[in-house]
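Inspection log for the structure reproduced underneath, given as C-alpha cells.
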Amino acid sequence: MTAYQNFLWKLSKNLENHYHGAYGTVIVRVAENSDATRRAIMVITPDDGFYPVFLMEEAYRQYREGETLAEIFRGLLRRFENRREGDGIARTFFQDPQNVKDRIFYELVGYEANREILSKTPHIRFLDLALACYTTLLQRPGGRLMIPVTATLCHGWGFCEEELFALAEENTPAVLPASVTDIRRILEEAAGVSYKDEGDAYMYLLTNQSRQYGAVCLLYPGVLREFAEKLGRNLYIFPSSVHETLLVPERRELETDGLQRMVCEINRTQVMPEEVLADSVYYYDRENDKILKKY
C-alpha cells in the first residue's frame, strides 16, 4: 500500500476498534468531473439509515505537516459523532441487488501493491495485475462515489463471483467505452499546438471516454485485436497508470532495450503512487490474440 492508503487503513481500523466492531469501514473514492480522484472513509452503521462518508485529503495534509495519527483520529471521531444524513449514502442502496446490477464495473490494479486490500475483495489475477470490481453512484453534481465490491457486499447481494464479473464485463464497456487516440492529438489538446500528420503515430493512448480508470480497456473484448489489425502490427503496451495505457506499434527500428527502466522512471516521477499500475511492459500478439508480459 502507498503511504496515503496506509494512513486511511490505520484510521479505518482505529475507528472499528474504538466501537468494538459495531461499525465497519470501507475506503472509497470520489471521482470528480475534473478528472481528480479523492479518497474517503465510508462507515457502515447498521443502526442508522445512512452510511456517512468522510473525505480525508485535508486530514492527510495535516498528518504530513506534523499532526499525530492520534490527533487526526480524534478529529475523525468528532466528525463521526456529529454526522448528518446529508453527509452519507442511504443504507437501502446496498440492501437491494437491483440497485447495483447496472452499476457494477471493473478496473485493473497492481496486484502486489494492493495485495492486502485484494485479500478481502473478489478479484481475478491477470499477469502481475488484478481485475477488481466497484459499484458507483452519483454523490453530487460534481462527481460519483466509487465503492469497492468487497466479499461482504458481494455476499449480501447474493452474487457469486462469476455473476459479479459477468455484470462488470457487460456494464463496463457499455457505460465506459474504450477510446484510442493518437498521442499527437493529446499533445495538441494539452499544449494548444498543432502537429502535422506524418504517417502512423508512434504512440497511442488507450483509455475510456471519461479518462478515469481506463487501463481496464486492455481487456475489453476485441479492442486490442481490432486496433492491431487496423495497423497491421503487434503492440507494446506501457501501463501509464490505472487510468490509461500507451500503445506502441511494433516496428523493426524500435529500440526495446531499457523499456522497463523507462516505465519505472515514469512511475516514480510522473504518476501518483496510488495510481501506479505496474512497472512492467506488455506485448500484444495479434496472431494469437494474447497479452504477454514482455519485461
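The values are calculated or read from the model by the stated rules, or taken from the named source; none is laboratory data. Since the structure is predicted, the reported quantities are computational estimates derived from the model, not experimental observations. Positions of Cβ are generated from backbone atoms using ideal geometry, with glycine treated the same way; all protein chains shown enter the neighbour counts. Side chains are part of the model used for accessible areas, which takes the heavy atoms of the whole protein and leaves out ligands, DNA and RNA. Shrake-Rupley method; radii C 1.70, N 1.55, O 1.52, S 1.80 Å.
Annotations
- Those residues of segment 246-284 which are part of a strand (DSSP E or B) and open to solvent by 30 Å² or more (accessible area, probe 1.4 Å), in sequence order: Leu246
- Top-ranked residue of segment 94-106 - restricted to ones that are modelled with pLDDT under 95 and either of a type in the set (A, V, I, L, M, F, W, C) or outside any helix (DSSP H, G or I) (or both), ranked as surrounded by the fewest Cβ atoms within 10 Å (Cβ to Cβ): Asp96
- Yes/no for Tyr202 being modelled with pLDDT of 95 or more, among the hydroxyl-bearing types (Ser, Thr, Tyr) and either open to solvent by 20 Å² or more (accessible area, probe 1.4 Å) or in contact with a strand residue (DSSP E or B) (Cβ under 9 Å, 6 or more places away or on another chain) (or both): no
- Counted residues, segment 107-143 - those being at pLDDT 90 or above and assigned to a strand (DSSP E or B): 15
- Here the helices (runs of 4 or more DSSP H) wholly within segment 151-191 that include at least 1 residues being buried (at least 16 other Cβ atoms within 10 Å of the Cβ) and at pLDDT below 95 are 151-157, 183-191.
- Hits in segment 58-67 (condition: among the acidic types (Asp, Glu) and either touching a helix residue (DSSP H, G or I) at 6+ places or on another chain (Cβ under 9 Å) or surrounded by 14 or more Cβ atoms within 10 Å (Cβ to Cβ) (or both)): Glu67
- Here is the figure for segment 207-231: residues that are assigned to a loop (DSSP other than H, G, I, E, B), among the small types (Gly, Ala, Ser) and farther than 13 Å from Tyr284 by Cβ total 2.
- Test: Arg125 is of a type in the set (D, E, K, R) and farther than 24 Å from Pro52 by Cα: yes
- Exactly one residue among Ile27, Ile72 is within 22 Å of Ala132 (Cβ to Cβ) and either within 21 Å of the chain's Cα centre (by Cα) or outside any loop (DSSP other than H, G, I, E, B) (or both), and that residue is Ile27.
- Gly66 vs. criteria more than 15 Å from Cys133 (Cα to Cα) and in a loop (DSSP other than H, G, I, E, B): yes
- Cβ-Cβ distances below 9 Å connect the following pairs, each with a first residue in segment 89-117 that is under 21 Å from Ile44 (Cβ atoms), a second residue that is acidic (Asp, Glu), and a separation of six or more residues or different chains: Arg91/Asp48; Ile104/Glu170.
- Enumeration of residues in segment 68-93 that are in contact with a strand residue (DSSP E or B) (Cβ under 7 Å, 6 or more places away or on another chain) and open to solvent by 70 Å² or more (accessible area, probe 1.4 Å): Arg79, Glu85
- Checking the stated criteria, Glu226 turns out to be open to solvent by 10 Å² or more (accessible area, probe 1.4 Å) and farther than 27 Å from Arg39 by Cα.
- Screening the candidates Ile41, Ile124 for the property of being open to solvent by 50 Å² or more (accessible area, probe 1.4 Å) and either touching a Gly at 6+ places or on another chain (Cβ under 6 Å) or under 30 Å from Leu219 (Cα atoms) (or both) yields one hit, Ile124.
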